[in-house]
Structure formats: C-alpha cells, structure tokens
Amino acid sequence: MYKIKEQKLTKINRFIYLLFFCSLFVLLASACNLQNEKKQEQTEQKSSVQNLTKLTISIEGMTCNACVASIKKKLNSMEDLEEVEVSLEHRNATVFYEEGKISPQQIRDAINELGYKAGEPITEKDRE
C-alpha cells in the first residue's frame, strides 16, 4: 500500500516538473519573440522619425566572431552612428546614420583602420 502511494506521488511530481518546464519554455520563447519585435520596431522608428540613412558596406578579411566584435566595437564608438549590425555570414556591416553628421567615407575609413578592406558604401538611396 505504501509503494502505491509512492508511485502516485512520483507520477504527480513528474507531471508537475514537466508542466513547470513546459511553462518555462513557453515563457522564454515569448520573451525572445517580444524582444525581437521591439528591436525591429525601434529600428523602423529610428529610420522614419530621425530620417536616418541606411548604409551597407561589404567587408573583406572577416574570418571569425572576434572580427565581427572588433568592427562592431569600432563603429559603435563613433558618435554619429545610431545603429550598427555586422554580419560574418554576409561579410558586411549595416549602419544607420544621419546625413550631414558623418560621411560614408568616414565609416569606410574606420573599418579600414582595423586592417579590413571595406568595399564601396551603398546607401538605401543608391538602391532605389
């Protein structure tokens, strides 16, 4: 009789743990989704409200995440850049900046100073 109660209790404990971890997973997934939505919304707001220009520049010589971090750190240290994204996969950097405060050439020079070869900057206006 005692073993039967233990088995029932063990099954209930397993169920409670399973329910807890499933709830935790759903909560984390929701939080990540919410964070991604906020980031995308902020990017759209920056681009429209502040009239920012989107610039994409190819970068040769990036081979690892340390390279990405180095470039991102350098570009984030520049006061007039609003947002910086560096992609190892695409071998490029995308930045948002306000025209007149900084030039695409200054951004390119900053990347080249680190020893990478920055390509010709392409602004969103150039793509249209």
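Give me, ordered by chain and number, the residues 5 or more places off T53 or on other chains with an amide H under 5 Å from its own placed amide H.
Y97, E98, E99
Under the Karplus relation 6.51 cos²θ - 1.76 cosθ + 1.60, θ = phi - 60°, what is the ordered set of whole-Hz ³J(HN,Hα) values for region 103-120, x standing for Gly and Pro?
Taking θ as phi minus 60°, the curve returns 9, x, 5, 5, 5, 4, 4, 4, 5, 5, 4, 7, x, 9, 10, 7, x, 6 Hz for region 103-120.
In terms of modelled amide H atoms, which long-range or inter-chain residues lie less than 5 Å from the amide H of D80?
For D80, whose amide H was placed from the backbone, there are no distant partners under 5 Å.
Suppose R0 equals 25 Å; then what is the FRET efficiency for A66 and F25 from their Cβ-Cβ distance, rounded to the nearest 0.05?
0.20
Got a sec? Charge dipole of region 50-127, +1 on Cβ for Lys and Arg, -1 for Asp and Glu; which of A69, A93, A110 is way out at the positive end?
Selected residue: A69.
None of the figures in this text is laboratory data; all of them are computed from the coordinates on show. Keep in mind the model is a prediction, meaning the values are calculated, not measured. With ideal geometry, Cβ positions are generated from the backbone for all residues, glycine too; neighbour counts draw on all protein chains shown.
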